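Bear in mind these aren't lab numbers, they're just calculated from the coordinates by the rules spelled out. Nothing here was measured: the structure is a model prediction, and the numbers come from that model. Cβ atoms come from the backbone with ideal geometry, glycine included; neighbour counts cover every protein chain shown.
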Amino acid sequence: MDEKIYDVVVIGAGPGGYHSAIRASQLGLSVACVEKDDGTGNGGLGGVCLNWGCIPSKSLLKNAELVNTLKNADQWGIDIGDWSADIGKAVDRSRMVSKTLTQGIAYLFKKNKIDLFKGLGTITSSTQVVINHEDTITSKNIVIATGSRAKDLPGIKLNGTSVISARQALELREKPSKLAIIGASAIGCEFAYYFNSYGTEIMLFELMDRLVPKEDGDVSAELEKQFASQGIAFATGTTVQKVMQKNGLMQIIYETGGEQKEFVCDKVLLGVGVQPNTDNLGLENIDVKTSGPGFIEVDGHMKTNVSGIYAVGDVTGKLPLAHVAFDQGIVAAETIANLEPFPITDYENMPRCTYCQPQIASIGLTEEEAKHRNLNYSVGKVPFQVAGKSVAIGDSQGFTKVIVNEDNGEVIGAHIIGPEATELIAEVGMLKLLEGTNLELHKLTHAHPTLSEVIKEASASVNGEAIHY
């Protein structure tokens with residue numbers, strides 16, 4: 001029998017990979033997917049996102065939210081007496097959630113007649129992929145979707161036991177007594193909230209001068225205030241100089257404000273960014289252009305410099321978020337199928353979310369960025385208390401901030417910190433997709449009582465028309 005030649009071979013079954021594979025199949029293309037799962041959790045259907053990232057971490061964060069609610073049960077008129085929280089059972093639940101969703105991906109692969117090859121895929125030419133250095137499959141097009149992994153720091157190496165990444169943190173069935181988290185962006189802040197809720201003493205270290213340094217400055221200030229009230233300690237503008245084992249514990253030597261200090265803890269969690277999984281992939285065999293530590297250069301249609309080779313997701317270095325990979329994967333598939341989809345070139349207006357409590361969500365420019373670009377802008381900012389529902393549900397801390405270009409009324413940035421922020425940001429995203437202005441955001445009738453009213457009030461506040469503030 002003649003060897004089968006596929007229209008598309010996708011290397012990696014994470015968010016970008018499985019979206020690309022399924023969409024290509026929907027468009028009538030023959031599709032194979034090569035997925036490496038070596039047992040470390042860096043692979044498997046659904047990739048890191050479904051197995052060891054987005055989904056299981058959100059499961060654990062829900063547990064943390066419930067634990068914190070139970071701590072204050074008396075505020076709700078509920079007397080539950082003695083109770084305890086088993087972090088191990090929370091981990092069990094998160095693994096079950098992950099398994100349910102990865103099984104769903106397996107079903108979708110079968111439904112869409114996608115051939116799945118399990119093993120390490122190495123590119124040997126622009127049309128061939130070798131699996132586990134043995135079997136070769138041939139394809140007219142190759143989509144690289146191999147994702148990324150946690151990054152070390154100079155002198156601080158991940159070892160999976162005392163110095164861990166999010167991957168190992170998701171499996172800890174016994175809470176650390178003390179935990180140091182290096183890096184206070186989304187991953188660091190989410191795990192700080194999670195472990196703190198179970199009683200772990202947390203110390204967050206951040207090189208920049210504030211928590212979540214890529215967010216709007218007002219958001220950082222609000223998070224710092226709320227984390228402090230939760231008992232989460234942090235040191236910003238801080239350089240971690242050394243991490244070493246001492247008497248069975250981890251000793252961190254750091255410098256802050258010109259003063260050298262130390263923190264002793266059980267474990268150290270590194271959350272300082274990612275590096276692409278492009279090593280040992282065979283890119284040198286076809287001269288694919290990369291930048292930095294190995295990120296693959298692509299255009300708006302996810303094309304590389306080599307005809308027939310595409311890349312999607314974290315390996316592109318554009319914006320390492322699962323929903324960005326989703327859209328990139330679909331664009332790649334539709335480009336291969338000659339549908340001429342709209343290219344993805346604007347990553348500023350992709351939503352960015354952090355799922356600690358309070359939640360953080362943003363889209364577009366921060367006020368600092370608008371100021372740096374010398375834009376003529378106005379700001380509307382209102383506290384969540386303007387939405388009566390936030391008070392009713394006992395979660396009224398935080399605010400919504402809208403930044404508007406005065407020259408044309410365009411909403412150039414929106415920043416939310418507070419209850420359900422990660423859900424609320426979609427409204428602003430839709431407005432921007434439809435090229436609406438702040439007028440539409442303000443004049444749209446929002447149901448009452450809902451948390452979304454805080455967005456309406458923030459947009460009204462731009463022109464001094466907010467009713468409740």
Cα-based count: Lys pairs in the range 353-469 below 13 Å, eight or more positions apart or different chains?
-> 4
So what are the ³J(HN,Hα) numbers for the range 10-20, from phi and the Karplus equation (6.51, -1.76, 1.60; θ = phi - 60°), rounded to whole Hz, Gly and Pro as x?
-> 9, 9, x, 10, x, x, x, x, 6, 5, 5
Stretched fully, the stretch from GLU423 through ILE467 gains (0.36 nm per residue minus C-alpha distance, one decimal, in nm) 13.5 nm
By a straight-distance test (C-alpha under 18 Å), which aspartates and glutamates pair with LYS110 as possible cross-link partners, with residues fewer than eight away in the same chain excluded?
-> ASP7, GLU35
A correct Karplus calculation of ³J(HN,Hα) over the range 314-328, with 6.51 cos²θ - 1.76 cosθ + 1.60, θ = phi - 60°, whole Hz and x for Gly and Pro, returns 4, 5, 7, x, 6, 7, x, 10, 4, 5, 5, 4, 3, 5, 4
Measuring from a point 7 Å past the Cα of GLN241 along Cα-to-C-beta, which residues in the range 258-281 have an amide N at less than 18 Å?
-> 258-265
Amide H within-cut-off set for LEU204, under 5 Å, with H built and near neighbours excluded = ILE181, ALA233, PHE234, ALA235
One would report the antiparallel percent of DSSP beta bridges in the chain, rounded to the nearest 5, as 65
Set of aspartates and glutamates near LYS4 by C-alpha distance (under 15 Å), chain-local residues within fewer than 8 positions excluded | ASP115, ASP135
Using θ = phi - 60° and Karplus 6.51 cos²θ - 1.76 cosθ + 1.60, couplings along the range 225-242 (whole Hz; Gly, Pro as x) | 5, 6, 5, 4, 5, 7, x, 8, 8, 8, 10, 9, x, 10, 10, 7, 8, 7
Taking TYR347, TYR355 and counting other beta carbon atoms within 10 angstrom, the fewest-first order is TYR347, TYR355
Between GLU174 and ALA73, what length comes free when the chain is fully extended (0.36 nm per residue of separation minus the Cα-Cα distance, one decimal in nm)?
-> 33.9 nm
Please give the net charge around ALA24, taking every other residue with its beta carbon less than 10 angstrom from that of ALA24, where Lys and Arg add +1 and Asp and Glu add -1.
-> -1
How far, in degrees from 0 to 90, does helix 87-111 lean away from the longest principal axis of the Cα atoms of the chain, to the nearest 10?
-> 40
Between the modelled labels at TYR347 and ALA233 (7 Å from Cα along Cα→Cβ) the distance in nm is 3.6
Entries in LYS36/LYS267; LYS62/LYS175; LYS175/LYS242; LYS99/LYS175 that, when Cα-Cα distance is taken, lie over 19 Å | LYS36/LYS267; LYS175/LYS242; LYS99/LYS175
TYR6's amide H: which non-local residues (gap 5+, or another chain) put their own amide H closer than 5 Å, with H modeled 1.01 Å from N in plane and none for Pro or chain starts?
-> THR138, SER139, LYS140
Note the listed values (1) 37, 30, 22; (2) 49, 30, 19; (3) 65, 30, 17, then indicate which one is semi-axes √(5λ) of the Cα gyration tensor in Å calculated from this particular structure.
-> (1)
For LYS178, counting only aspartates and glutamates whose alpha-carbon sits under 12 Å away and dropping same-chain residues fewer than eight positions off, the answer is GLU201, ASP266
